[in-house]
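J.: Here it is, the structure in full.
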Amino acid sequence: MKFGFDIDDTLINLREFAFHLYNEKLNTNIELTKFRALKTLEIHEAFGLDKEAGGKMWNSLADEVYYSSCPAFEGAVETLQELERDGHEIYYITARKAEHGERTKKWLIENGFPVKDDHFYCGMKDHEKIDTIRKLELDYYFDDKPAVLETLLDIPTKVYAMDNSYNRELDIPRLTSWFELKEILSK
């Protein structure tokens, strides 16, 4: 089978990692409960920042957020390794800017994710992901972002949302843990 995965907040806990960095850099101690209640992808409002200041903050920390010690969600690496061992094809489809492509691949490999160059797609707009997913004829696709998930509802690919506070209004199958994938595949 062919499996497609978004990276940020699907395989890795990027927003929560960035939330902790914001607390450190802004010398604040905003509670994690406030993060977990956010209804938006952006985390800046938890710190009282407007969209412009939040964007500047994110951009100033981009290298640290994307390429330092951001953790994978529990079970993500092992699950993808097992899929690869079982002979499945694994594709990464990320909206990260194209300039981050090679460093992102390298980071994924260094952190144990199985990556093949021709199975990595980077630098597309959210709405362009659907074209890639269709072209690849994926059996399963996993993402967190409502704007992406909503564009995939009418395709044959089985689409799952990685559960996050900002996507719970979507009526779509979801994962709360990567350990659930085995059960899904056994059905």
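J.: Along the positive direction of the dipole of the chain (beta-carbon charges: Lys, Arg +1; Asp, Glu -1; about the Cα centre), which of ALA18, VAL115, PHE3 reaches farthest?
T.: Comparing the listed Cα positions along the dipole, ALA18 ranks first.
J.: Based on a Kirkwood Rh over C-alpha pairs, give the Stokes-Einstein translational diffusion coefficient of region 14-67 at 4 °C and viscosity 1.567 mPa s in µm²/s. Please report the intermediate quantities before stating the final value.
T.: Numbers: Rh = 11.1 Å.
Calculated translational D: 117 µm²/s.
J.: Hey, another quick one. Using the alpha-carbon atoms, what tilt in degrees (0 to 90, nearest 10) does helix 76-85 show relative to the longest principal axis of the chain?
T.: 20 degrees
J.: Given +1 on the Cβ of Lys and Arg, -1 on the Cβ of Asp and Glu, and no further charges, what dipole in debye does region 14-67 carry about its Cα centre, rounded to the nearest 20?
T.: That gives a dipole near 160 debye.
J.: Right, next: Within 10 Å, at most 16 other Cβ atoms, and a DSSP state outside H, G, I, E, B define an exposed site. Report the longest part of the chain free of exposed GluC sites (Glu not before Pro).
T.: 75-136
J.: Of (1) 10.4; (2) 13.6; (3) 9.4, which one was derived for mean projected area of the Cα convex hull in nm² from the structure shown?
T.: Among (1) 10.4; (2) 13.6; (3) 9.4, the one derived from this structure is (1).
J.: How much of the accessible area of the chain, probe 1.4 Å, is carbon plus sulfur, in whole percent? Let's see the in-between values first.
T.: Values: 4640 of 9850 Å².
Of the solvent-accessible surface of the chain, carbon and sulfur hold 47 percent.
J.: For the chain, what does the helix formula give at 222 nm: sum of -39500 (n - 2.57) over DSSP H segments with n ≥ 4, over the residue count, nearest 500 deg cm²/dmol? Please list the in-between numbers first.
T.: On the way: 9 runs with 71 residues, N = 187.
Computed ellipticity for the chain at 222 nm equals -10000 deg cm²/dmol.
J.: Oh, and also: Report the charge-dipole magnitude of the chain in Debye, nearest 20, computed about the Cα centre from +1 at each Lys and Arg Cβ and -1 at each Asp and Glu Cβ.
T.: Working: 25 positive and 37 negative charges, 30 e Å.
Computed charge dipole of the chain: roughly 140 debye.
J.: How large are Rg and Dmax for region 111-172 when calculated on the C-alpha trace, in angstrom?
T.: Rg and Dmax of region 111-172, Cα atoms, are 12.3, 35 Å.
J.: Looking at THR176, LEU32, TYR140, which one has the Cα that reaches farthest to the positive end of the dipole of the chain (charges on Cβ: Lys, Arg +1; Asp, Glu -1)?
T.: Of the options given, the answer is LEU32.
J.: Under a 1.4 Å probe, what is the accessible area of region 30-107 per residue, stated in Å²?
T.: Details: 4440 Å² over 78 residues.
Each residue of region 30-107 exposes 57 Å² on average to a 1.4 Å probe.
J.: Still on this structure, I have one more. Name the residues whose placed amide hydrogens come within less than 5 Å of the amide hydrogen of MET162, ignoring near sequence neighbours (fewer than 5 apart) on the same chain.
T.: ASP143, ASP144, LEU175
J.: Here's a follow-up. Tell me, what is a quarter of the convex hull surface for the C-alpha atoms of region 77-187, in nm² with one decimal?
T.: Values: hull surface 28.7 nm².
Averaged projected hull area, Cα only: 7.2 nm².
J.: Given the whole protein assembly as supplied and a 1.4 Å probe, what does the accessible area of LYS97 come to in Å², nearest 10?
T.: Here the accessible area works out near 120 Å².
J.: Mind checking the full-extension length gain between GLU89 and GLU183? Use 0.36 nm per residue of separation minus the Cα-Cα distance, one decimal, nm. Can you show the working numbers first?
T.: Working: separation 94, 0.36 × 94 = 33.84 nm, distance 1.87 nm.
Going from the current span to full extension adds 32.0 nm.
J.: Still on this structure, I have one more. Residues of region 122-181: accessible area per residue at 1.4 Å, in Å²?
T.: On the way: 2990 Å² over 60 residues.
It amounts to 50 Å² per residue over region 122-181.
The values are calculated or read from the model by the stated rules, or taken from the named source; none is laboratory data. Not measured: the values here are computed from a predicted model. Because the Cβ atoms are built from the backbone with ideal geometry, glycine has one as well, and the counts that use them run over all protein chains shown. Accessible surface areas use protein heavy atoms only, side chains included; no ligands, DNA or RNA. Shrake-Rupley method; radii C 1.70, N 1.55, O 1.52, S 1.80 Å.
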